[in-house]
Each structure stands twice: as structure tokens, then as C-alpha cells.
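Working notes for the structure below.
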Amino acid sequence: MVALAGCAAGGGGPRDRYAPLLTARADPGAVVATEIAFARAAQEKGQWTAFREYAAADAVMFVPQPVKAQDWLKKQADPDQAVKWQPHEVWSSCDGSLAITRGAAQWPNGGDGEFMTMWQRQADGAYRWIADIGHSLAAPLAAPEFIVTHIADCSSPVPPDQRFASSERPATKGQSADGSLQYLVHTMEGGSTVTLGMWDGSWRTFGPKVFAAR
């Protein structure tokens with residue numbers, strides 16, 4: 001799928017008019033590749049340098065309260081040793097405009113953790129993260145044999161009047177352009193919760209996943 005996206009982006013001529021149709025599809029492989037490149041950049045360039053490089057302009061991160069990522073990150077110096085992480089699971093909307101990764105983290109102090117990152121496809125086709133949250137775990141997160149992939153099923157489009165909703169005001173939320181993948185992050189005393197909604201003719205809910213303040 002990554003190769004197909006590369007072919008669609010290259011060249012010129014009449015087929016360029018169809019570029020939006022060619023790229024408006026799920027591409028979880030590209031999301032995972034970006035997550036892995038992001039993790040590698042943290043080791044090679046510095047932790048906060050990599051976070052700045054891969055963040056969208058309006059990204060939000062939880063430290064543990066929500067902050068505007070770019071404003072917070074520009075004040076941070078890279079630590080001597082960066083956190084390490086690996087994606088274990090990915091969710092994608094039908095059109096690929098939004099994807100979410102979850103996986104394991106290893107803090108520089110030797111502790112283990114877990115993260116979730118929300119990725120938005122930009123106008124140039126690249127993915128940049130728009131929300132990031134993590135917490136510590138008492139034991140390492142078990143790694144799957146293969147990265148688990150969930151893709152929304154849009155054989156029946158999401159009706160305009162049906163949106164994944166919450167009775168409480170979230171700290172941040174987002175949805176794909178086609179409405180098939182949505183997320184809500186609520187803050188609470190001692191941490192946050194993340195709830196995902198994915199469309200497959202009706203809503204499938206993942207979560208709420210509790211992220212304790214670390």
C-alpha cells in the first residue's frame with residue numbers, strides 16, 4: 001500500500017486530477033512506518049526534537065494535563081537519553097485521514113509504559129501526530145506477534161446525523177474527514193481516558209482506556 005501511494009504521488013499529467021481519489025484510502029502501513037521513523041528520530045536527533053518534527057501545528061499532548069504541543073515543546077531541551085517505543089496496534093479510518101497507534105514504551109529510568117498517538121494525514125500526504133498520551137506500567141506491555149490492525153468498514157457510509165458523542169466535554173477530540181474514526185480524551189483527577197469509535201455499519205467502541213498520570 002505504501003508503494004501504491006508512492007506511485008500515486010509521483011509523475012504528472014492528466015492523472016494528477018485523480019490524486020485525491022487515489023490517496024483517500026486507509027494506509028495503516030504508512031502510519032506504522034511513520035511511527036517507527038518517529039521513534040528512531042527520537043534516538044538519533046533527540047527526544048523533543050523528534051516530537052517537534054513529527055507534530056502537526058495544532059497538536060495536543062498530555063503532560064499530564066493537555067497543552068499545545070508546539071508551544072510546550074519549544075521550551076524543552078532534549079534529555080541525554082530518549083524514551084523508546086514500539087507500535088503494537090493501529091486503527092485507521094476508511095479514507096486514511098485519521099489513524100491511531102498504541103504500543104509499548106521504555107522510559108530512560110528503566111520503567112515501562114504505554115502510549116497512544118493520534119495521526120492526521122496532511123495535505124502533502126504525510127502523517128503528523130495531533131494528540132499524544134502515555135503512562136507508566138508496572139510491567140512491560142506484551143508485544144503481539146504482528147501489529148494488530150483495525151480499519152473502518154465504509155461499505156455503508158456514516159450518516160451525517162450519526163456522530164460518536166459524549167455527554168461530557170472532552171479535553172480534546174477528533175474525527176476523520178469521512179467520520180468513520182473518532183476519538184475522545186477526557187481528563188480526570190489522576191489522569192485521562194481515551195475512547196475510540198469506529199464505524200462498520202454501526203459504532204464499535206474501544207475503551208475507555210485509562211491513562212494514569214505518570
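The numbers here are math on the coordinates, done by the rules we state, and not lab data. This one's a predicted model, so the numbers in the text were calculated from it and none came from an experiment. Every residue, glycine among them, receives a Cβ derived from its backbone with ideal geometry; neighbour counts consider all protein chains shown.
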Notebook entry, point to check: What list of ³J(HN,Hα) values in whole Hz, one per residue of region 109-116 in order, does the Karplus curve 6.51 cos²θ - 1.76 cosθ + 1.60 (θ = phi - 60°) give from phi, with Gly and Pro shown as x?
Noted result: 7, x, x, 9, x, 9, 9, 9
Checklist line | Scaled radius of gyration (Cα, divided by 2.2 N^0.38 Å) that region 77-214 gives | finding: 1.10
Next item on the list: Between Ala212 and Ser156, take the C-beta separation as r, use R0 = 45 Å, and let me know the FRET efficiency to the nearest 0.05.
Entry: 0.75
